[in-house]
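For reference, the structure is listed below as structure tokens.
The values are calculated or read from the model by the stated rules, or taken from the named source; none is laboratory data. Remember, it's a predicted structure, so these values are computed and weren't measured experimentally. Ideal geometry is used to build each Cβ from the backbone, glycine not excepted, and the neighbour counts take in all protein chains shown. Areas reflect the complete protein model, heavy atoms only, side chains present, ligands, DNA and RNA absent. Shrake-Rupley method; radii C 1.70, N 1.55, O 1.52, S 1.80 Å.
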Amino acid sequence: ISLLALGVQTPGTSIAAEKTALPTFSAEELFKRYKPAVVKITLKQQQVPIGTGTGFFVSDDGLLVTNFHVVKNAMRTGSFTAEFTLADGRVLKNFLVGPCRDERGLDLCVLKLAIKPTAWFNPTSYRPAPGETVYVIGHPQGLDFSITNGIVSALREEDISELQISAAISPGNSG
């Protein structure tokens, strides 16, 4: 997740789309401020953990975005379930499924959790430039709430807009 490409919204705070309006934070400040917007997703089969992923809130009413491949098995009937661990340690097990895998074949899924998050990412029209620093908060290899950094390597504007980054993203960071 590029914290520069996605504005982050917290109650009473707004990040504008213009480059000049974006505040500058250290990695420590970003992590402390935006960790509550990130969720650890644990996929289980017959109550046994079989994988982890990452999701992030995009609104104050519990809308969560992740990759479709992280939760697709939990949406099938049978022995698969998903648990959502919040930064404060609470675990939620119930979710509603919104749009998943749009017509272009993107690996995205919108879920709804019954919670009002304390922080969320507010997608903006801001486009970072190649060379700008980006940060990723996730759960690489199941290691809870980790942060890594990199740079924007390139912006791809074809059928869809894509942001290529150099930050390390390991299994468990998907989302």
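With respect to Lys44, determine if the residue is basic (Lys, Arg) and open to solvent by less than 60 Å² (accessible area, probe 1.4 Å).
yes
Could you list, in sequence order, all residues of the range 125-163 that are at pLDDT 90 or above, open to solvent by 80 Å² or more (accessible area, probe 1.4 Å) and of a type outside the set (Asp, Glu)?
Matches in the range 125-163: Pro130, Asn149.
Out of Phe145, Phe121, Phe80, Phe84, I need the residue that is over 20 Å from Arg33 (Cα atoms) and either in contact with a Lys or Arg (Cβ under 6 Å, 6 or more places away or on another chain) or not hydroxyl-bearing (Ser, Thr, Tyr) (or both). Which one?
Result: Phe80 is the single residue among Phe145, Phe121, Phe80, Phe84 that is over 20 Å from Arg33 (Cα atoms) and either in contact with a Lys or Arg (Cβ under 6 Å, 6 or more places away or on another chain) or not hydroxyl-bearing (Ser, Thr, Tyr) (or both).
Select from the range 88-124 the residues that are in contact with a Gly (Cβ under 8 Å, 6 or more places away or on another chain) and not in a strand (DSSP E or B) and write down the one among them that is most open to solvent (accessible area, probe 1.4 Å).
Lys116
List pairs: first residue in the range 58-83 and open to solvent by 20 Å² or more (accessible area, probe 1.4 Å), second residue among the acidic types (Asp, Glu) anywhere in the structure, Cβ distance under 7 angstrom, at least six positions apart or on different chains.
Close Cβ pairs (under 7 Å, with a partner that is among the acidic types (Asp, Glu)) amount to Asn67/Asp107; Phe68/Asp107; His69/Asp107.
Between Ile50, Ile41, which is closer than 18 Å to Val91 by Cβ and touching a helix residue (DSSP H, G or I) at 6+ places or on another chain (Cβ under 7 Å)?
Ile41
Scan the range 38-48 for residues that are free of Cβ contacts under 8 Å to residues at least 40 places away in the same chain and closer than 15 Å to Gly142 by Cβ and report the count.
3
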